[in-house]
1. Testing Asp47 on (1) touching a residue at least 60 places away in the same chain (Cβ under 8 Å); (2) surrounded by fewer than 18 Cβ atoms within 10 Å (Cβ to Cβ); (3) under 26 Å from Ser128 (Cβ atoms); (4) of a type in the set (Asp, Glu), one condition comes back false. Which one is that?
2. What tally of residues in segment 101-130 results from selecting those that are among the aliphatic types (A, V, I, L, M) and crowded, with 18+ Cβ neighbours inside 10 Å?
3. What residue, among those in segment 78-100 that are more than 15 Å from the chain's Cα centre (by Cα) and hydrophobic (A, V, I, L, M, F, W, C), is surrounded by the most Cβ atoms within 10 Å (Cβ to Cβ)?
4. Can you work out which of the residues in segment 50-77 that are in contact with a Ser or Thr (Cβ under 8 Å, 6 or more places away or on another chain) and not charged (D, E, K, R) is surrounded by the fewest Cβ atoms within 10 Å (Cβ to Cβ)?
5. Report, by residue number, each residue of segment 85-130 that is assigned to a loop (DSSP other than H, G, I, E, B) and at negative phi.
6. Taking the criterion of being surrounded by 14 or more Cβ atoms within 10 Å (Cβ to Cβ), closer than 17 Å to Asn124 by Cα and out of contact with any Lys or Arg (no Cβ under 6 Å at 6 or more places or on another chain), would at least one residue in segment 29-38 satisfy it?
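We did not get these values from a lab; they are worked out from the coordinates using the rules stated. Not measured: the values here are computed from a predicted model. Counting neighbours? That spans all protein chains shown, and the Cβs are built from the backbone with ideal geometry, glycine included.
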Amino acid sequence: METITRNTKAEIMNVNKKFMQAFAQGNAEGVANLYTDEGMLLPAGMDIIKGKQAVQDFWQGAIGMGIKEVKLETMEVQPCENTAIEMGNYTLSGADGAMVDKGKYIVVWHNQNGNWKLDKDIWNTSLSAT
């Protein structure tokens, strides 16, 4: 079981690297293509965002607001057959490299045809509202 866990974590971390690269290039479509077709975002203060096009529109909006870099740090991955649950930390930075937000996230991943895809993506800030 340990080998499966290590491989799953490495594969998910590789997809996260693609996410960070696509985001840094301003490629919201590339980010959205890392999600399942039914993928969902569950951002704070908003309704559920569902489907690849809606996910792309959301990330395009974040890029348009000036978010230039996403850093994802995987803390833990729990695999179970074709599903895995990832917990980690994120940092968002603007054009000047200044931190815009940081917090934690949970992603439910699905393995489709040998490829790990984000399916349910929820995060929340660790910064104080004041």
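1. Checking Asp47 against (1) touching a residue at least 60 places away in the same chain (Cβ under 8 Å); (2) surrounded by fewer than 18 Cβ atoms within 10 Å (Cβ to Cβ); (3) under 26 Å from Ser128 (Cβ atoms); (4) of a type in the set (Asp, Glu), the one that fails is (1).
2. Pass one, segment 101-130, residues among the aliphatic types (A, V, I, L, M): 106-108, 118, 122, 127, 129.
Retained after the next criterion (residues that are crowded, with 18+ Cβ neighbours inside 10 Å): 107, 118.
So the count comes out to 2.
3. Going through the qualifying residues, I end up with Val100.
4. Ile67
5. So the first thing to find is which residues in segment 85-130 are assigned to a loop (DSSP other than H, G, I, E, B), and the list is 94-98, 113-114, 126-130.
Scanning segment 85-130 gives Gly94, Ala95, Asp96, Ala98, Ser126, Leu127, Ser128, Ala129, Thr130.
6. No, segment 29-38 contains no residue that is surrounded by 14 or more Cβ atoms within 10 Å (Cβ to Cβ), closer than 17 Å to Asn124 by Cα and out of contact with any Lys or Arg (no Cβ under 6 Å at 6 or more places or on another chain).
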